1. Could you tell me which residue of segment 18-47 is surrounded by the fewest Cβ atoms within 10 Å (Cβ to Cβ), considering only residues that are hydrophobic (A, V, I, L, M, F, W, C) and either farther than 30 Å from Val86 by Cβ or at pLDDT below 95 (or both)?
2. What are the residues in segment 210-227 that are of a type outside the set (D, E, K, R) and free of Cβ contacts under 8 Å to residues at least 24 places away in the same chain, if any?
3. For the structure I just gave you, tell me whether Ala233 is among the small types (Gly, Ala, Ser), more than 24 Å from Val30 (Cα to Cα) and surrounded by 20 or more Cβ atoms within 10 Å (Cβ to Cβ).
4. Which residues, taken from segment 146-202, are outside the structural domain of Phe24 (by TED's automatic domain parsing), basic (Lys, Arg) and surrounded by fewer than 21 Cβ atoms within 10 Å (Cβ to Cβ)?
5. So Gly260 passes all but one of these: (1) closer than 30 Å to Val201 by Cβ; (2) outside any loop (DSSP other than H, G, I, E, B); (3) at pLDDT below 95. Which condition number does it fail?
6. Please go through segment 71-102 and give me each residue that is of a type outside the set (A, V, I, L, M, F, W, C), free of Cβ contacts under 8 Å to residues at least 40 places away in the same chain and part of a helix (DSSP H, G or I), ordered by number.
7. Working only within segment 260-291, note down all residues that are of a type in the set (Val, Ile, Thr) and either assigned by TED's automatic domain parsing to the domain that holds Ala33 or surrounded by fewer than 17 Cβ atoms within 10 Å (Cβ to Cβ) (or both).
8. Tell me the residue from Gly163, Gly149, Gly153 that is within 14 Å of the chain's Cα centre (by Cα) and assigned to a loop (DSSP other than H, G, I, E, B), please.
Amino acid sequence: MIKVRVPAKVNVQLGVGGLRADGFHDLANVFFAVALGDEVTAAPGEGVTLTCSGPDAAQVPLDDTNLAARAARLLAAHHGLADPGVHLHIAKAIPVAGGMAGGSADGAAALVACDALWGLDTPFENLLDLAAELGSDVPFALLGGVALGRGRGEILEALPVTGTFHWVFAVADGGLSTPAVFRECDRLREEAGTGSGDTDVPTPDAAPALLAALATGDPAALAAALTNDLQSAALSLRPSLAATLAAGTEAGAIGALVSGSGPTCAFLAKDAEAAEALATALAASGTCRTAHATYGPVPGAAIHPRATES
């Protein structure tokens with residue numbers, strides 16, 4: 001049995017370019033891995049089977065639409081395994097459809113867990129290539145830390161970061177569809193008269209002020225540099241998120257934004273004590289289902305040695 005821990009992510013910058021001919025958008029996506037995460041356990045089995053536990057387990061598909069199952073089959077096909085056998089159990093803590101890449105994290109964890117279970121020793125660069133086939137956010141869940149994602153987010157460059165930053169995530173009721181949020185972003189751009197195509201919208205790049213804040217470990221500077229080009233679209237589809245953002249700011253957050261495509265809202269706190277107080281205030285505010293204090297950056301998907309059995 002192999003157990004892999006894998007982090008959620010927050011996008012401290014999500015710059016979205018125009019709509020490309022292939023249906024994707026060029027991104028400047030600064031990923032930040034946080035300690036709130038899932039655990040995926042791989043054990044011998046027949047075929048590829050899935051189970052799930054946790055608060056949102058009922059929302060997790062247990063068929064081949066799940067990225068963990070797809071990851072197991074993709075890895076097996078890459079190595080020419082005709083009959084892969086694995087039972088995957090997902091202990092779900094990352095909000096489902098919450099803009100924190102929980103499904104992608106599970107796909108990355110399944111790659112690592114199955115690779116170990118089957119004794120394949122796949123080079124890390126090859127795992128990254130397989131991860132990119134699964135989805136735009138999956139490679140970062142393998143890498144962890146802080147990284148700039150270009151292209152559709154899968155072309156990664158690790159970024160220097162100093163110290164630990166403290167976060168609170170306010171989880172909303174229900175999810176938001178990432179494709180729907182991108183479509184709404186395009187619609188709002190058209191409505192504003194700026195155009196939404198890749199010839200209309202400049203290719204985004206990482207903000208120098210944000211990179212400097214990460215490198216120096218300055219929470220206040222990072223708070224001032226947080227941006228998400230999908231936030232307006234997420235608020236358009238889920239106006240109630242404005243109340244969540246306001247509640248967190250009023251409760252002492254030094255920075256606030258919608259996490260990725262939402263609807264989870266992310267708040268930066270000045271320190272661990274402030275994060276705990278902020279989580280308590282948000283949970284009591286009536287503007288979210290629950291709130292979690294956590295920290296980062298943390299490593300990507302990794303085997304938990306004390307939970308590994310031969």
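The values are calculated or read from the model by the stated rules, or taken from the named source; none is laboratory data. The structure displayed is predicted, hence computed values, not measured ones. Heads up, the Cβs are rebuilt from the backbone with ideal geometry, glycines too, and the neighbour counts pull from every protein chain shown.
1. Filtering segment 18-47 down to residues hydrophobic (A, V, I, L, M, F, W, C) leaves 19, 21, 24, 27-28, 30-36, 40, 42-43.
Adding the requirement that they be either farther than 30 Å from Val86 by Cβ or at pLDDT below 95 (or both) leaves 19, 21, 24, 27-28, 30, 32.
Working: Leu19: 23, Ala21: 7, Phe24: 15, Leu27: 24, Ala28: 22, Val30: 26, Phe32: 26.
Ranking the candidates gives Ala21 first.
2. Step one: filter segment 210-227 for residues of a type outside the set (D, E, K, R), giving 210-217, 219-227.
If the condition is that a residue be of a type outside the set (D, E, K, R) and free of Cβ contacts under 8 Å to residues at least 24 places away in the same chain, then Ala212, Ala213, Ala221 are the ones that fit.
3. On the way: among the small types (Gly, Ala, Ser): yes; more than 24 Å from Val30 (Cα to Cα): no; surrounded by 20 or more Cβ atoms within 10 Å (Cβ to Cβ): yes.
No, not satisfied.
4. Arg183, Arg187
5. All conditions pass for Gly260, except number (2).
6. Narrowing segment 71-102 to residues of a type outside the set (A, V, I, L, M, F, W, C): 73, 78-80, 83-85, 87, 89, 92, 95, 98-99, 102.
Okay, now just the ones that are also free of Cβ contacts under 8 Å to residues at least 40 places away in the same chain, so 73, 80, 83-84.
Answer for segment 71-102, where residues must be of a type outside the set (A, V, I, L, M, F, W, C), free of Cβ contacts under 8 Å to residues at least 40 places away in the same chain and part of a helix (DSSP H, G or I): just Arg73.
7. So the first thing to find is which residues in segment 260-291 are of a type in the set (Val, Ile, Thr), and the list is 264, 280, 287, 290.
Within segment 260-291, Thr280, Thr290 meet the criteria.
8. On the way: Gly163 fails: within 14 Å of the chain's Cα centre (by Cα); Gly149 fails: assigned to a loop (DSSP other than H, G, I, E, B).
When all the criteria are applied, what remains is Gly153.
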